[in-house]
Amino acid sequence: MKLWVEIHLIVLETPLSPRAMSNQTLVTEFILQGFSEHPEYHMILFSCFLPLYPVALIGNILIILAITFNPGLHTPMYFFLFNLATMDIICASSIMPKALEGLVLEESSISYGGCMVQLYFLTWAASSELLLLTVMAYDRYAAICHPLRYSTIMSKTFCSMLAAGVWILCAFNTAIHTGLMLRLHFCGPNVITHFFCEVPPLLLLSCSSTYVNSIMIVLADAFYGIINFLMTIVSYGFIISSILKMRTAEGKKKAFSTCSSHLIVACMYYTAVFYAYISPVSSYSAEKSKLAGVLYSMLSPTLNPLIYTLRNKDVKAALGKLFPFFRN
(Lines give C-alpha, C1' and ligand atoms only; values in the text may rest on other atoms or scores of the structure.)
Protein backbone atom coordinates (compact mmCIF):
# COMPACT_ATOMS: atom_id res chain seq x y z
CA MET A 1 0.00 0.00 0.00
CA LYS A 2 1.42 3.31 -0.99
CA LEU A 3 2.08 5.91 1.71
CA TRP A 4 -1.38 7.44 1.93
CA VAL A 5 -0.48 9.45 5.01
CA GLU A 6 -2.70 12.30 3.98
CA ILE A 7 -5.69 10.00 4.43
CA HIS A 8 -5.25 10.64 8.16
CA LEU A 9 -6.19 14.22 7.48
CA ILE A 10 -9.55 13.45 5.93
CA VAL A 11 -12.45 14.82 7.92
CA LEU A 12 -14.73 11.91 8.66
CA GLU A 13 -18.25 13.20 8.31
CA THR A 14 -21.07 11.62 10.24
CA PRO A 15 -22.18 8.61 8.20
CA LEU A 16 -25.65 8.52 6.79
CA SER A 17 -28.14 6.16 8.33
CA PRO A 18 -29.18 3.04 6.38
CA ARG A 19 -32.59 4.63 5.77
CA ALA A 20 -31.00 7.81 4.41
CA MET A 21 -28.73 5.83 2.13
CA SER A 22 -31.62 3.74 0.86
CA ASN A 23 -33.32 6.94 -0.28
CA GLN A 24 -30.31 7.86 -2.43
CA THR A 25 -29.07 6.28 -5.65
CA LEU A 26 -25.85 4.37 -5.15
CA VAL A 27 -23.04 5.20 -7.56
CA THR A 28 -22.57 2.60 -10.30
CA GLU A 29 -19.75 4.39 -12.12
CA PHE A 30 -17.15 7.03 -11.44
CA ILE A 31 -15.90 9.92 -13.54
CA LEU A 32 -12.13 10.21 -13.66
CA GLN A 33 -11.26 13.89 -13.61
CA GLY A 34 -7.86 13.17 -15.11
CA PHE A 35 -6.16 16.28 -16.41
CA SER A 36 -9.42 18.06 -17.28
CA GLU A 37 -8.34 21.18 -15.39
CA HIS A 38 -5.75 21.69 -18.16
CA PRO A 39 -7.60 20.76 -21.40
CA GLU A 40 -5.22 22.85 -23.51
CA TYR A 41 -2.42 20.42 -22.64
CA HIS A 42 -4.32 17.20 -23.41
CA MET A 43 -2.78 16.56 -26.83
CA ILE A 44 0.70 17.40 -25.58
CA LEU A 45 0.28 15.05 -22.60
CA PHE A 46 -1.18 12.36 -24.86
CA SER A 47 1.81 12.65 -27.20
CA CYS A 48 4.17 12.35 -24.22
CA PHE A 49 2.37 9.50 -22.47
CA LEU A 50 1.52 7.40 -25.55
CA PRO A 51 5.08 6.08 -26.14
CA LEU A 52 5.55 5.26 -22.45
CA TYR A 53 3.20 2.27 -22.37
CA PRO A 54 4.73 0.28 -25.27
CA VAL A 55 8.24 1.18 -24.07
CA ALA A 56 7.36 -0.03 -20.55
CA LEU A 57 5.86 -3.27 -21.87
CA ILE A 58 8.63 -4.03 -24.35
CA GLY A 59 11.43 -3.06 -21.96
CA ASN A 60 10.17 -5.19 -19.08
CA ILE A 61 9.30 -8.13 -21.34
CA LEU A 62 12.83 -8.04 -22.79
CA ILE A 63 14.30 -8.16 -19.27
CA ILE A 64 12.06 -11.12 -18.40
CA LEU A 65 13.11 -12.95 -21.58
CA ALA A 66 16.81 -12.18 -21.05
CA ILE A 67 16.74 -13.53 -17.49
CA THR A 68 14.61 -16.56 -18.38
CA PHE A 69 16.70 -17.81 -21.30
CA ASN A 70 20.19 -16.98 -20.01
CA PRO A 71 21.50 -19.38 -17.34
CA GLY A 72 24.19 -16.87 -16.42
CA LEU A 73 21.49 -14.56 -15.07
CA HIS A 74 19.91 -17.19 -12.83
CA THR A 75 21.21 -15.48 -9.70
CA PRO A 76 19.35 -13.86 -6.78
CA MET A 77 19.87 -10.31 -8.07
CA TYR A 78 18.36 -11.06 -11.47
CA PHE A 79 15.67 -13.28 -9.97
CA PHE A 80 14.40 -10.28 -8.03
CA LEU A 81 14.80 -8.07 -11.12
CA PHE A 82 12.56 -10.58 -12.95
CA ASN A 83 9.91 -10.05 -10.28
CA LEU A 84 10.33 -6.26 -10.44
CA ALA A 85 9.79 -6.29 -14.21
CA THR A 86 6.61 -8.36 -13.76
CA MET A 87 5.30 -5.88 -11.20
CA ASP A 88 6.05 -2.99 -13.53
CA ILE A 89 4.01 -4.62 -16.31
CA ILE A 90 1.03 -5.05 -13.97
CA CYS A 91 1.35 -1.48 -12.68
CA ALA A 92 1.59 0.09 -16.15
CA SER A 93 -1.21 -2.04 -17.61
CA SER A 94 -3.60 -1.15 -14.81
CA ILE A 95 -3.13 2.60 -15.30
CA MET A 96 -1.87 3.70 -18.70
CA PRO A 97 -4.69 2.55 -21.05
CA LYS A 98 -7.36 4.35 -19.00
CA ALA A 99 -5.17 7.43 -18.55
CA LEU A 100 -4.62 7.68 -22.31
CA GLU A 101 -8.34 7.28 -22.91
CA GLY A 102 -9.02 10.14 -20.49
CA LEU A 103 -6.76 12.43 -22.52
CA VAL A 104 -8.61 11.63 -25.75
CA LEU A 105 -12.20 11.73 -24.48
CA GLU A 106 -13.82 14.77 -22.93
CA GLU A 107 -15.12 12.65 -20.06
CA SER A 108 -13.55 9.38 -18.92
CA SER A 109 -15.76 7.09 -16.88
CA ILE A 110 -15.06 3.80 -15.16
CA SER A 111 -17.57 1.36 -13.73
CA TYR A 112 -17.69 0.71 -10.00
CA GLY A 113 -16.39 -2.84 -10.54
CA GLY A 114 -13.71 -1.64 -12.93
CA CYS A 115 -12.59 0.95 -10.41
CA MET A 116 -12.22 -1.67 -7.69
CA VAL A 117 -10.28 -3.98 -10.03
CA GLN A 118 -7.95 -1.14 -11.04
CA LEU A 119 -7.48 -0.19 -7.39
CA TYR A 120 -6.61 -3.78 -6.50
CA PHE A 121 -4.01 -4.41 -9.19
CA LEU A 122 -2.38 -1.00 -8.88
CA THR A 123 -2.13 -1.28 -5.09
CA TRP A 124 -0.88 -4.86 -5.36
CA ALA A 125 1.87 -3.92 -7.82
CA ALA A 126 2.86 -0.68 -6.07
CA SER A 127 3.04 -2.22 -2.59
CA SER A 128 4.89 -5.26 -3.95
CA GLU A 129 7.45 -2.98 -5.57
CA LEU A 130 8.07 -1.15 -2.29
CA LEU A 131 8.58 -4.44 -0.49
CA LEU A 132 10.71 -5.93 -3.26
CA LEU A 133 13.02 -2.89 -3.28
CA THR A 134 13.72 -3.64 0.38
CA VAL A 135 14.42 -7.30 -0.43
CA MET A 136 16.76 -6.24 -3.26
CA ALA A 137 18.56 -3.89 -0.86
CA TYR A 138 19.11 -6.83 1.51
CA ASP A 139 20.40 -8.92 -1.40
CA ARG A 140 22.97 -6.22 -2.23
CA TYR A 141 23.89 -6.03 1.48
CA ALA A 142 24.54 -9.77 1.59
CA ALA A 143 26.57 -9.66 -1.66
CA ILE A 144 28.83 -6.76 -0.65
CA CYS A 145 29.09 -7.16 3.13
CA HIS A 146 29.23 -11.00 3.22
CA PRO A 147 30.58 -12.08 -0.18
CA LEU A 148 32.01 -15.39 1.05
CA ARG A 149 28.69 -16.47 2.55
CA TYR A 150 26.49 -14.88 -0.12
CA SER A 151 25.51 -18.11 -1.88
CA THR A 152 24.58 -19.66 1.46
CA ILE A 153 22.62 -16.64 2.71
CA MET A 154 20.76 -16.04 -0.55
CA SER A 155 20.04 -19.66 -1.40
CA LYS A 156 17.58 -20.53 -4.15
CA THR A 157 15.02 -21.71 -1.59
CA PHE A 158 15.34 -18.56 0.51
CA CYS A 159 15.04 -16.29 -2.54
CA SER A 160 11.93 -18.15 -3.69
CA MET A 161 10.42 -17.78 -0.23
CA LEU A 162 11.18 -14.04 -0.21
CA ALA A 163 9.62 -13.48 -3.63
CA ALA A 164 6.56 -15.60 -2.84
CA GLY A 165 6.23 -13.80 0.49
CA VAL A 166 6.22 -10.42 -1.25
CA TRP A 167 3.52 -11.43 -3.75
CA ILE A 168 1.31 -13.24 -1.22
CA LEU A 169 1.62 -10.71 1.60
CA CYS A 170 0.86 -7.78 -0.71
CA ALA A 171 -2.02 -9.64 -2.39
CA PHE A 172 -3.51 -10.37 1.03
CA ASN A 173 -3.00 -6.81 2.26
CA THR A 174 -4.52 -5.40 -0.94
CA ALA A 175 -7.49 -7.75 -0.65
CA ILE A 176 -8.17 -6.38 2.84
CA HIS A 177 -8.08 -2.75 1.69
CA THR A 178 -10.16 -3.46 -1.42
CA GLY A 179 -12.66 -5.39 0.69
CA LEU A 180 -12.93 -2.47 3.09
CA MET A 181 -13.50 -0.17 0.11
CA LEU A 182 -16.25 -2.47 -1.19
CA ARG A 183 -18.16 -2.17 2.07
CA LEU A 184 -18.45 1.60 1.70
CA HIS A 185 -21.45 3.32 0.15
CA PHE A 186 -21.05 5.90 -2.60
CA CYS A 187 -24.28 7.82 -3.03
CA GLY A 188 -23.23 11.39 -3.74
CA PRO A 189 -20.67 12.96 -6.08
CA ASN A 190 -18.88 10.45 -8.30
CA VAL A 191 -15.98 12.53 -9.69
CA ILE A 192 -12.58 11.12 -8.71
CA THR A 193 -9.99 13.91 -8.63
CA HIS A 194 -7.35 11.74 -10.28
CA PHE A 195 -6.65 9.91 -13.54
CA PHE A 196 -7.04 6.52 -11.86
CA CYS A 197 -8.91 5.03 -8.91
CA GLU A 198 -6.93 5.83 -5.77
CA VAL A 199 -7.80 5.42 -2.11
CA PRO A 200 -7.74 9.05 -0.82
CA PRO A 201 -10.12 10.58 -3.41
CA LEU A 202 -12.39 7.53 -3.20
CA LEU A 203 -12.71 7.84 0.57
CA LEU A 204 -13.60 11.50 0.16
CA LEU A 205 -16.56 10.43 -1.99
CA SER A 206 -17.91 7.89 0.50
CA CYS A 207 -21.17 8.69 2.28
CA SER A 208 -20.49 6.07 4.98
CA SER A 209 -17.89 5.96 7.73
CA THR A 210 -14.28 5.48 6.58
CA TYR A 211 -12.84 5.13 10.07
CA VAL A 212 -11.84 1.44 9.72
CA ASN A 213 -10.28 2.14 6.31
CA SER A 214 -8.19 4.94 7.81
CA ILE A 215 -6.98 2.76 10.69
CA MET A 216 -5.89 0.00 8.31
CA ILE A 217 -4.14 2.50 6.07
CA VAL A 218 -2.19 3.85 9.06
CA LEU A 219 -0.97 0.32 9.74
CA ALA A 220 -0.09 -0.25 6.08
CA ASP A 221 1.73 3.09 5.97
CA ALA A 222 3.79 2.12 9.01
CA PHE A 223 4.82 -1.19 7.44
CA TYR A 224 5.25 -0.39 3.74
CA GLY A 225 6.45 3.15 4.19
CA ILE A 226 8.35 3.66 7.41
CA ILE A 227 9.66 0.16 8.16
CA ASN A 228 10.61 -0.69 4.57
CA PHE A 229 12.25 2.66 4.01
CA LEU A 230 14.28 2.38 7.22
CA MET A 231 15.35 -1.17 6.34
CA THR A 232 16.53 0.01 2.92
CA ILE A 233 18.44 2.90 4.52
CA VAL A 234 20.07 0.56 7.06
CA SER A 235 21.07 -1.89 4.32
CA TYR A 236 22.73 0.84 2.31
CA GLY A 237 24.37 2.20 5.43
CA PHE A 238 26.18 -1.12 5.86
CA ILE A 239 26.87 -1.31 2.10
CA ILE A 240 28.47 2.14 1.97
CA SER A 241 30.48 1.40 5.10
CA SER A 242 31.82 -1.83 3.55
CA ILE A 243 32.67 -0.10 0.26
CA LEU A 244 34.61 2.65 2.04
CA LYS A 245 36.66 0.01 3.89
CA MET A 246 37.81 -1.60 0.62
CA ARG A 247 41.46 -0.95 -0.13
CA THR A 248 41.45 -0.64 -3.92
CA ALA A 249 39.60 1.90 -6.05
CA GLU A 250 38.76 -0.85 -8.52
CA GLY A 251 37.11 -2.90 -5.76
CA LYS A 252 35.08 0.09 -4.64
CA LYS A 253 33.96 0.82 -8.20
CA LYS A 254 32.96 -2.79 -8.84
CA ALA A 255 31.06 -3.04 -5.55
CA PHE A 256 29.19 0.20 -6.14
CA SER A 257 28.30 -0.77 -9.73
CA THR A 258 26.49 -3.87 -8.46
CA CYS A 259 24.02 -1.77 -6.46
CA SER A 260 23.94 1.55 -8.33
CA SER A 261 20.99 0.59 -10.57
CA HIS A 262 18.90 -0.53 -7.62
CA LEU A 263 19.83 2.59 -5.68
CA ILE A 264 18.71 4.84 -8.54
CA VAL A 265 15.39 2.99 -8.91
CA ALA A 266 14.74 3.01 -5.15
CA CYS A 267 15.51 6.73 -4.83
CA MET A 268 13.28 7.55 -7.79
CA TYR A 269 10.38 5.49 -6.47
CA TYR A 270 10.53 6.69 -2.88
CA THR A 271 10.94 10.31 -3.99
CA ALA A 272 7.74 10.11 -6.04
CA VAL A 273 5.77 8.46 -3.25
CA PHE A 274 7.05 10.76 -0.51
CA TYR A 275 6.40 13.85 -2.61
CA ALA A 276 2.70 13.07 -2.89
CA TYR A 277 1.87 11.21 0.29
CA ILE A 278 4.07 12.67 3.01
CA SER A 279 2.59 16.09 3.51
CA PRO A 280 1.99 18.50 6.39
CA VAL A 281 -1.35 19.05 7.98
CA SER A 282 -2.53 20.78 4.84
CA SER A 283 -4.76 17.98 3.50
CA TYR A 284 -4.90 15.97 0.31
CA SER A 285 -3.54 17.67 -2.81
CA ALA A 286 -4.91 16.33 -6.10
CA GLU A 287 -2.23 18.10 -8.13
CA LYS A 288 0.64 16.59 -6.15
CA SER A 289 -1.00 13.17 -6.20
CA LYS A 290 -1.43 13.28 -9.98
CA LEU A 291 2.18 14.29 -10.53
CA ALA A 292 3.43 11.49 -8.27
CA GLY A 293 1.00 9.10 -9.99
CA VAL A 294 2.64 9.88 -13.31
CA LEU A 295 6.08 9.28 -11.78
CA TYR A 296 5.46 5.90 -10.13
CA SER A 297 2.79 4.43 -12.43
CA MET A 298 4.08 5.64 -15.81
CA LEU A 299 7.68 6.84 -15.70
CA SER A 300 8.98 4.28 -13.19
CA PRO A 301 7.85 1.17 -15.15
CA THR A 302 9.29 2.78 -18.30
CA LEU A 303 12.63 3.88 -16.86
CA ASN A 304 13.35 0.81 -14.70
CA PRO A 305 14.24 -1.52 -17.60
CA LEU A 306 16.27 1.25 -19.25
CA ILE A 307 18.24 1.88 -16.05
CA TYR A 308 18.98 -1.80 -15.50
CA THR A 309 19.80 -2.40 -19.18
CA LEU A 310 21.98 0.63 -19.87
CA ARG A 311 23.98 0.22 -16.65
CA ASN A 312 24.30 -3.57 -16.71
CA LYS A 313 26.69 -5.35 -19.07
CA ASP A 314 25.33 -8.79 -18.20
CA VAL A 315 21.77 -7.87 -19.18
CA LYS A 316 22.94 -6.24 -22.40
CA ALA A 317 25.01 -9.32 -23.24
CA ALA A 318 22.03 -11.60 -22.57
CA LEU A 319 19.79 -9.45 -24.77
CA GLY A 320 22.49 -9.54 -27.45
CA LYS A 321 22.31 -13.35 -27.52
CA LEU A 322 18.53 -13.25 -27.99
CA PHE A 323 18.37 -10.22 -30.28
CA PRO A 324 21.41 -9.46 -32.47
CA PHE A 325 20.56 -5.75 -32.75
CA PHE A 326 21.46 -5.34 -29.05
CA ARG A 327 25.09 -6.34 -29.65
CA ASN A 328 26.17 -2.93 -30.89
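The values are calculated or read from the model by the stated rules, or taken from the named source; none is laboratory data. These figures come from a predicted structure and were not determined experimentally. Cβ atoms come from the backbone with ideal geometry, glycine included; neighbour counts cover every protein chain shown. For the accessible areas, the whole protein counts, side chains as well, though only heavy atoms, and no ligand, DNA or RNA atoms are used. Shrake-Rupley method; radii C 1.70, N 1.55, O 1.52, S 1.80 Å.
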(request) Would you work out if the stretch 288-328 is rounded, prolate or oblate? Take a ≥ b ≥ c from the square roots of the eigenvalues of the alpha-carbon gyration tensor; rounded if a/c is under 1.5, else prolate when a/b is larger than b/c, oblate otherwise. (result) prolate
(message) Output the 0 to 90 degree angle, nearest 10, between the alpha-carbon long axis of helix 313-322 and the longest principal axis computed from the alpha carbons of the chain.
(response) 80
(request) Just tell me the longest site-free run in the chain, where the sites are GluC sites (Glu not before Pro) in a DSSP loop having at most 13 other beta-carbon atoms within 10 Å. (result) 108-328
(request) Apply the Karplus parameterisation 6.51 cos²θ - 1.76 cosθ + 1.60, with θ equal to phi minus 60°, to every residue of the stretch 113-126 and state each ³J(HN,Hα) to the nearest whole Hz, in sequence, with x for glycine and proline. (result) x, x, 5, 5, 5, 4, 4, 5, 5, 5, 5, 4, 5, 5
(request) Amide H neighbours of S108 under 5 Å, at least 5 residues apart or on other chains, H built in the peptide plane: list them. (result) L32
(request) Find the Cα radius of gyration of the stretch 161-298, compare it with 2.2 N^0.38 Å by division, and give the number to two decimals. (result) 1.35
(message) Tell me whether the chain comes out rounded, prolate or oblate; compute the Cα gyration tensor, take square roots of the eigenvalues as a ≥ b ≥ c, and use a/c under 1.5 as the rounded threshold.
(response) prolate
(request) For each pair in K98/K290; K254/K313; K156/K313; K156/K316, compute the distance between the two Cα atoms and list the pairs where it is over 20 Å. (result) K156/K313; K156/K316
(message) Could you sort V315, V104 by their accessible area in this structure, using a 1.4 Å probe and putting the largest first?
(response) V104, V315
(message) For the chain, set up a GNM with springs between Cα atoms under 10 Å and report which of H38, H194, H262 has the largest fluctuation.
(response) H38
(message) So, taking all protein chains as they sit and a 1.4 Å probe, how much accessible area belongs to F79, in Å² rounded to tens?
(response) 70
(message) Per residue of the stretch 49-58, what does 6.51 cos²θ - 1.76 cosθ + 1.60 with θ = phi - 60° give for ³J(HN,Hα)? Whole Hz please, x for Gly and Pro, Karplus curve as stated.
(response) 7, 4, x, 5, 5, x, 5, 5, 5, 5
(request) Of the options S47, P71, L310, report the single residue whose Cα projects farthest towards the positive end of the charge dipole of the chain (beta-carbon charges: Lys, Arg +1; Asp, Glu -1). (result) P71
(request) Report, by chain and number, residues whose modeled amide H sits under 5 Å from the one on V191, excluding near sequence neighbours (fewer than 5 apart, same chain). (result) I31
(request) Pull up the cross-link candidates among the lysines for K288, meaning alpha carbon to alpha carbon under 19 Å and not fewer than 8 places away within one chain. (result) K2
(request) Sum -39500 (n - 2.57) across every DSSP H segment of at least 4 residues in the chain, then divide by the residue count to get the 222 nm mean residue ellipticity, nearest 500. (result) -22000 deg cm²/dmol
(message) Check which residues have an amide H placed less than 5 Å from M246's amide H, if you skip close sequence neighbours.
(response) none
